[in-house]
Amino acid sequence: MIKILEVIPVARSAFALKQLSYFSTKNISRGDLVTINLRGKEIFAIVQKTSELKDEKVALKKSNAFRLKP
């Protein structure tokens, strides 16, 4: 199953305080330390949240966040 990981980078950068999303097929838990690719560099990040891709798809389809303009 594909999971969506929401991570916070540990390195000092403009993205350090922002939450980033990545896809993973590995079984990773909240609080794990992972390596991510950010602007061509491998850096460490802490996993803040994990969720299944299929659950996020359903939630996105049910939300009205992306309405088509008439």
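The values are calculated or read from the model by the stated rules, or taken from the named source; none is laboratory data. Just so you know, these numbers come straight off a predicted model, no measurement behind them. Reconstructed Cβ throughout: ideal geometry from the backbone, glycine too, with neighbour counts over all protein chains shown. Heads up: the accessible areas ignore ligands, DNA and RNA and are worked out on the full protein's heavy atoms, side chains in. Shrake-Rupley method; radii C 1.70, N 1.55, O 1.52, S 1.80 Å.
With respect to (1) surrounded by 10 or more Cβ atoms within 10 Å (Cβ to Cβ); (2) at pLDDT 90 or above, the lone exception for Ser13 is condition (2).
Considering region 16-34 alone, what residues qualify as being in a strand (DSSP E or B) and surrounded by 10 or more Cβ atoms within 10 Å (Cβ to Cβ)? Before you say what the answer is, go through the steps one by one.
Just the residues of region 16-34 that are in a strand (DSSP E or B), to begin with: 20-24, 33-34.
Within region 16-34, Leu20, Ser21, Tyr22, Ser24, Leu33, Val34 qualify.
For region 35-57, filtering for residues that are on the phi < 0 side of the Ramachandran plot, open to solvent by 60 Å² or more (accessible area, probe 1.4 Å) and not β-branched (Val, Ile, Thr) leaves 10.
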